[in-house]
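Presented below is the structure to which this report refers.
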Amino acid sequence: MTPAPVTLLAADLAAEQKSAEVTDWAARIGWLVGLALFVALIYWLMREGWKWRGTLQGDLPELPSAPDDLGAARLTMSGRYHGSTTAGQWLDRIVAHGLGTRSLVELTLTDAGLDVVRPGATDFFIPVGALREAVLGKGIAGKVLTEGGLLIVTWEHGDRLIDSGFRSDRAAEHNEWVDVINSMINKKTETEGAR
């Protein structure tokens with residue numbers, strides 16, 4: 001004996017009329033709180049790592065400040081400062097004395113050196129005697145740009161060689177900066193060699 005179609009239809013309707021499952025708000029809130037604590041822990045660990053790196057680089061001397069009389073500007077540029085690293089090691093960021101802080105920048109190159117003015121971050125000055133090289137690059141301190149999109153200035157501070165990366169608002173200026181800085185370095189080297 002087979003059940004009547006009406007009975008089957010009634011059984012199907014009864015199976016479909018289950019009530020919607022009740023949301024377990026306590027479990028959801030628990031997961032959200034757990035996720036928020038996990039994100040806060042990761043942020044705290046990153047911050048502590050940044051501070052530890054600064055402690056390890058504590059032997060870096062204070063950054064020089066610009067002299068009162070810089071002289072006439074040879075070149076000026078506005079753009080972004082992308083950070084400083086140990087020379088030749090584009091991922092070894094230097095964070096001591098605010099060198100790891102990315103910021104806007106106003107660069108002025110004079111016969112005295114390179115004046116780096118950073119609103120909201122520590123300004124510094126690179127004397128012409130500390131300049132070692134200027135090249136075009138594509139990456140520094142974890143920031144990667146197009147080939148030649150970054151002006152990288154190598155300079156000596158204390159007993160370290162440092163690469164500092166700058167990007168102009170007008171990237172076409174980079175070539176002129178490289179030429180002028182390198183000619184200043186070569187001229188200084190020739191002058192010292194003649195003594």
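The values are calculated or read from the model by the stated rules, or taken from the named source; none is laboratory data. Just so it is clear, the structure is predicted and the values come from calculations on it, not from any experiment. Here the Cβ positions follow ideal geometry from the backbone for every residue, glycine too, while neighbour counts run over all protein chains shown. These accessible areas exclude ligands, DNA and RNA; they are computed on the full protein's heavy atoms, side chains included. Shrake-Rupley method; radii C 1.70, N 1.55, O 1.52, S 1.80 Å.
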Among the listed residues 69, 92, 59, which satisfies the condition of being free of Cβ contacts under 8 Å to residues at least 60 places away in the same chain and over 30 Å from residue 145 (Cα atoms)?
69
Give 90, 50 a once-over and let me know the one that is within 22 Å of residue 178 (Cβ to Cβ), modelled with pLDDT under 95 and either open to solvent by 60 Å² or more (accessible area, probe 1.4 Å) or of a type in the set (Phe, Trp, Tyr) (or both).
90
Name the residue, out of 153, 95, 144, that is out of contact with any strand residue (DSSP E or B) (no Cβ under 6 Å at 6 or more places or on another chain) and buried (at least 21 other Cβ atoms within 10 Å of the Cβ).
95
Just a yes or no: is a residue in segment 109-131 within 19 Å of residue 86 (Cβ to Cβ) and assigned to a loop (DSSP other than H, G, I, E, B)?
yes
Looking only at segment 57-87, how many residues end up being on the phi > 0 side of the Ramachandran plot and open to solvent by 30 Å² or more (accessible area, probe 1.4 Å)?
1
State the number of residues belonging to segment 98-117 that are aliphatic (A, V, I, L, M) and either on the phi > 0 side of the Ramachandran plot or open to solvent by less than 10 Å² (accessible area, probe 1.4 Å) (or both).
6
Filter segment 118-137 down to the residues that are small (Gly, Ala, Ser) and within 20 Å of the chain's Cα centre (by Cα), then identify the one that is surrounded by the most Cβ atoms within 10 Å (Cβ to Cβ).
134
Of all residues in segment 138-195 being polar (S, T, N, Q) and over 19 Å from residue 128 (Cβ atoms), the one that is farthest from the chain's Cα centre (by Cα):
175
